[in-house]
């Protein structure tokens, strides 16, 4: 069964460093998402992406964040200058977006720890 | 804010049916109800979704009331591996983003 994959599974970085989190959405899916979950808190929407553009973003997704689909398979989230409060699980999700199918499928997540 | 409300926690004996309720009184006519679960800090796992009719798949059944203001997820024979946080989600109107609430923490007891 096709699934969303994410790399790395864990990332430790120093405050102020740039990180790139990678996702491979399900093949043929057209809509891509990033969510995050700070330890013990809710899953929060960050951004949605379609047709090489951001469709929607939350107030969390400020200028320090960017997303890109550099090729036909990867979808990345970049944090330019990490802060301690960026420590969280980051989940990628994808959705087919065809024939009214709206279900999002989530990856296993990347655990980011900023020191 | 999430458009759904769920009990904070529930316990269920192993082998019994787990019935997880969700209220979504502001749901509009063409919005689906989605159920996911999250085991520890893993990615949310899709379980089932529905619009009006009751639905069943290999994981669970979904019962939606006739007025669509509430639904119940049923795990027919809960196992210890079903211990997780269960989320009932209705999309925010006009967008496809999910707004997660706090969900129901289901504990299956041996």
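The values are calculated or read from the model by the stated rules, or taken from the named source; none is laboratory data. These numbers were taken from a predicted model, which means no experiment stands behind them. Cβ atoms come from the backbone with ideal geometry, glycine included; neighbour counts cover every protein chain shown.
Numbers for the structure displayed
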| item | result |
| --- | --- |
| Subset tally (residues that are at pLDDT 95 or above and within 14 Å of another protein chain (Cβ to nearest Cβ)) for region A:72-104 | 8 |
| Every residue from region B:79-99 that is within 16 Å of the chain's Cα centre (by Cα), modelled with pLDDT under 90 and either under 13 Å from residue A:43 (Cβ atoms) or in a helix (DSSP H, G or I) (or both) | B:98, B:99 |
| Residues of region B:9-41 satisfying the condition of being modelled with pLDDT of 95 or more and within 10 Å of chain A (Cβ to nearest Cβ) | B:36, B:38 |
| Selection status of residue B:107, more than 23 Å from residue A:35 (Cβ to Cβ) and at pLDDT below 95 | no |
| Condition broken by residue B:110, with the remaining ones in (1) surrounded by 13 or more Cβ atoms within 10 Å (Cβ to Cβ); (2) away from every other protein chain (no Cβ under 14 Å); (3) in contact with a helix residue (DSSP H, G or I) (Cβ under 9 Å, 6 or more places away or on another chain) satisfied | (1) |
| Output for region B:76-99, where each listed residue is touching a residue at least 60 places away in the same chain (Cβ under 8 Å), within 18 Å of residue B:37 (Cβ to Cβ) and away from chain A (no Cβ under 12 Å) | B:77, B:78, B:79, B:80, B:82, B:86, B:88 |
| Selected residue (criterion: farthest from the other protein chains (Cβ to nearest Cβ)) from residues of region A:31-53 that are out of contact with any strand residue (DSSP E or B) (no Cβ under 6 Å at 6 or more places or on another chain) and on the phi < 0 side of the Ramachandran plot | A:53 |
